């Protein structure tokens, strides 16, 4: 009887722990859903290989829509969100966890345009839509060369664009909300700006 009682207590404790875990998960999901429902403006991610025109279009988009533009690279510099420095590529290595900590509260507010060349480390719940900017290889090469990119860094970014690395990462990380936009000319940029702005206005009407 004594042993049976112990077994019962252990099983009962395990059942209780399971219930607590389920309740915690449920609370987390409810908080996420409530945060999304409380947004009166969407969160937009603009991503793509360096040189495709993210910064320019984000500046214009913020001015046109009134949404807040977050340049993740600039934020990382201001908050010192770096792990180390890569001598080979001549650039600092981003501390993704620090970046996420800095952005968490402001993303819950909604109305943010996030600008960064990486996309797979952001939480899926942050964004209502993702736009991946693309550029032809020759256009991208000229833009990166003008920036003074080192040869190896330049070539690897071109390869990244050729093999659609960022586009595939976006589809895997944010299924169903990714849009691909080609951004080679000033005319392309104006067209893309109009399309993204329209998406934002349509979202607000829901």
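Conditions tested, residue by residue: (1) closer than 24 Å to residue 110 by Cβ; (2) surrounded by 14 or more Cβ atoms within 10 Å (Cβ to Cβ); (3) in contact with a strand residue (DSSP E or B) (Cβ under 6 Å, 6 or more places away or on another chain).
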site	(1), (2), (3)
132	yes, yes, yes
146	no, no, no
170	yes, yes, yes
176	yes, no, no
186	no, no, no
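Could you tell me which residue of the stretch 72-88 is nearest to residue 41 (Cα to Cα), considering only residues that are surrounded by 13 or more Cβ atoms within 10 Å (Cβ to Cβ) and either touching a helix residue (DSSP H, G or I) at 6+ places or on another chain (Cβ under 7 Å) or modelled with pLDDT under 95 (or both)?
Per the criteria, the residue is 72.
Only one of these conditions is not met by residue 138: (1) under 18 Å from residue 55 (Cβ atoms); (2) outside any loop (DSSP other than H, G, I, E, B); (3) without any contact (Cβ under 8 Å) to a residue 24 or more places away in the chain. Which number is it?
(1) is the only condition that residue 138 fails.
Residues checked against (1) in contact with a helix residue (DSSP H, G or I) (Cβ under 9 Å, 6 or more places away or on another chain); (2) assigned to a loop (DSSP other than H, G, I, E, B); (3) farther than 27 Å from residue 91 by Cα:
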| site | (1), (2), (3) |
| --- | --- |
| 118 | yes, yes, no |
| 133 | yes, no, no |
| 158 | yes, no, no |
| 161 | yes, no, no |
| 179 | yes, no, yes |
| 184 | yes, yes, no |
| 187 | no, no, yes |
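Would you be able to tell me the number of residues in the stretch 74-106 that are in a strand (DSSP E or B) and in contact with a strand residue (DSSP E or B) (Cβ under 7 Å, 6 or more places away or on another chain)? Steps first, please.
First, pick out the residues of the stretch 74-106 that are in a strand (DSSP E or B): 82-86, 91-94.
Pick out the ones that are also in contact with a strand residue (DSSP E or B) (Cβ under 7 Å, 6 or more places away or on another chain) and you get 82-86, 92-94.
Number of matching residues: 8.
On the basis of being in a helix (DSSP H, G or I) and closer than 20 Å to residue 118 by Cα, does residue 193 make the cut? Even if it seems obvious, please write down each step before you answer.
Details: in a helix (DSSP H, G or I): yes; closer than 20 Å to residue 118 by Cα: no.
When the stated conditions are applied, residue 193 does not pass them.
Just to be sure before I move on: is residue 202 within 20 Å of residue 62 (Cα to Cα) and exposed (fewer than 12 other Cβ atoms within 10 Å of the Cβ) in the structure I sent? Lay out the reasoning, then the answer.
On the way: within 20 Å of residue 62 (Cα to Cα): yes; exposed (fewer than 12 other Cβ atoms within 10 Å of the Cβ): yes.
Yes: the conditions hold for residue 202.
Residues in the stretch 188-201: is at least one closer than 12 Å to residue 49 by Cα and in contact (Cβ under 8 Å) with a residue 12 or more places away in the chain? Spell out how you get there, then give the answer.
Within the stretch 188-201, the first condition is being closer than 12 Å to residue 49 by Cα, and the residues that meet it are none.
Scanning the stretch 188-201 turns up no residue that is closer than 12 Å to residue 49 by Cα and in contact (Cβ under 8 Å) with a residue 12 or more places away in the chain.
The values are calculated or read from the model by the stated rules, or taken from the named source; none is laboratory data. Source: prediction; values computed, not measured. No Cβ is skipped: glycine too gets one built from the backbone with ideal geometry, and neighbour counts run over all protein chains shown.
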